[in-house]
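Beneath this line is the structure, given in structure tokens, with notes to follow.
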Amino acid sequence: MFSSLSLALGVQTTGLLCGAIAFVSPLAAVLALRHPAKAAEPAPVRLPVPAAV
């Protein structure tokens, strides 16, 4: 992945991009932990229906 990215953007730009992602990642993690996703509703339980003989 990085080799194709560096071919398109250049080695220096790829390094800067990876550095920026590494710099922003802890901030994104803190924001995600401060605002957790709401719990989804539990799925209704469906009992199996016996087959007619």
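The values are calculated or read from the model by the stated rules, or taken from the named source; none is laboratory data. No experiment lies behind these values; they were computed from the predicted model shown. The protein model used for the area step is the full one, side chains on, heavy atoms only, and it has no ligands, DNA or RNA in it. Shrake-Rupley method; radii C 1.70, N 1.55, O 1.52, S 1.80 Å.
Structure above, values below:
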{"item": "Estimated 222 nm signal from helices in the chain, with DSSP H stretches of n ≥ 4 weighted -39500 (n - 2.57), rounded to 500", "result": "-20000 deg cm²/dmol"}
{"item": "Percent carbon-and-sulfur accessible area, the chain, ignoring ligands, DNA and RNA, probe 1.4 Å", "result": "72"}
{"item": "Range of Cα positions in the chain per principal axis (Å), largest first", "result": "71, 33, 9"}
{"item": "Accessible solvent surface per residue of the chain, calculated while the other protein chains remain in place, 1.4 angstrom probe, Å²", "result": "100"}
{"item": "Angle between the chain longest axis and helix 11-34 axis [Cα atoms, degrees, rounded to 10]", "result": "40"}
